[in-house]
Amino acid sequence: MNFFKIWTLFCCLTLASAFVVGCGGDDDNDDDQVEVYDAATMLDDFANIVVLATYTELDMKAGELLDSVKALAEDTTQTNLEKAQQAWKATRTPWEQSESFLFGPVDTQGLDPALDSWPVDHVNLQSVLDSNDDLTVEYISGLEDTQKGFHTIEFLLFRDGDQRKASDITDRELEYLVSSTINLKSSTSQLKMAWAPEGENFSNTVASAGNGNTVYPSQSSAVQEMVNGMITIADEVANGKISDPYNEEDTTLVESQFSFNSISDFQDNIRGIQNVYIGKYMNDGQGLNEFVNSNDADLDSRFQSEVQKAIDTIGAIPDPFRDSITTNRSSVQTAIDAVSTVQLTLEQDILPLVQESDFN
């Protein structure tokens, strides 16, 4: 073999080797790439199928509550009182479930405290009734948050959990009741419109995270907001709503103490976490569970079980909750522990998973 042939063969082998090495390097790089998760559908479904649907239901129920309160004012019968009481409880359900996402307009527009400040001091409520002020809607709107909203209406409709007699309700109380309920309905309408496409369309702000979005500059920031919303309500239920009256053995610290609706309230708070996680309210959507499951199926299964256990253990507390804080303390502590487990899993497992993942 002459020199030219040897040199030509050498060059060909060198080029072939370089090609093989180069191709091998590309395969290694592909293996090292982290899979990117597109959360666009999840965020859109969260904003519309969960949040907007919940607020729409809340506003509808608030309208039904207002109708029942007006009917009670016009004809103060026991039947009409009981209808208004049931309408109040029905309105509480979507509101309490919405507390798993207390961010956005409900926070920035001050709607959460205006709707649901507690605990309520009945002495302050009585001071309004004892005043000579004209209890117009405008006047009610200017009161302290603890003198309007859900729990003012609750106080006027229920008082102390025992069935109130319609004949005991005064004209002054009816005036306060109607104006307070009109004020509440105004707030629920404002909240719905803040998320609705025909309104301020905050739903689109969430759904479009990462697309030149100043509120949520990345999909990750919006998903983290979702998780932090769930953490916040789990913390509030375990370490505030249940623990505060339990630790102090003080019934005045109990939420929804006048209606004996506390246990349902707490369960609905955790159902709100469930709604966000699986992407469901009235209809099914894509939830955070699909993302978690794609990364850690065991974590997804465990968390869903923990959430359901928290709902069930709260439901196992004997009614009324305000009595159980002293007479059934073990069942209350079991519920606290179950909700705390939900909070810890969100904080220690799910939030870090979101923070460490790559989203579009």
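The values are calculated or read from the model by the stated rules, or taken from the named source; none is laboratory data. Everything numeric in this text was worked out from a predicted model, so none of it was measured. Backbone-built Cβ (ideal geometry, glycine too); neighbour counts: all protein chains shown.
Tabulated data for the structure shown
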read-out: Flag for LEU135 being modelled with pLDDT under 95, surrounded by 17 or more Cβ atoms within 10 Å (Cβ to Cβ) and closer than 16 Å to LEU177 by Cβ; value: no
read-out: Of all residues making up the stretch 176-229, the number that are closer than 19 Å to ALA40 by Cα and part of a helix (DSSP H, G or I); value: 18
read-out: So THR188, is it β-branched (Val, Ile, Thr) and touching a residue at least 60 places away in the same chain (Cβ under 8 Å); value: yes
read-out: Residues that are surrounded by fewer than 23 Cβ atoms within 10 Å (Cβ to Cβ) and either part of a loop (DSSP other than H, G, I, E, B) or of a type in the set (A, V, I, L, M) (or both), drawn from the stretch 267-278; value: ILE278
read-out: Conditions (1) in a helix (DSSP H, G or I); (2) farther than 22 Å from PHE46 by Cα; number of the one not met by VAL292; value: (2)
read-out: Residue list for the stretch 242-266, filter: part of a helix (DSSP H, G or I), in contact with a helix residue (DSSP H, G or I) (Cβ under 6 Å, 6 or more places away or on another chain) and closer than 21 Å to GLY149 by Cβ; value: ASP244, PRO245, THR251, LEU253, SER262, ILE263, ASP265, PHE266
read-out: So PHE155, is it within 24 Å of ASP244 (Cβ to Cβ), among the hydrophobic types (A, V, I, L, M, F, W, C) and surrounded by 16 or more Cβ atoms within 10 Å (Cβ to Cβ); value: yes
read-out: Hey, VAL237 modelled with pLDDT of 95 or more, over 16 Å from the mean Cα position of the chain (by Cα) and within 19 Å of ASP107 (Cα to Cα) or not; value: no
read-out: Those residues of the stretch 251-302 which are charged (D, E, K, R) and in contact (Cβ under 8 Å) with a residue 12 or more places away in the chain, in sequence order; value: GLU255, ASP265, ASP268, ARG271, LYS280, ASP284, GLU290, ASP296, ARG302
read-out: Residue identified as of a type outside the set (Ser, Thr, Tyr), modelled with pLDDT under 95 and surrounded by fewer than 22 Cβ atoms within 10 Å (Cβ to Cβ) among GLU82, GLU57, GLU35, GLU64; value: GLU35
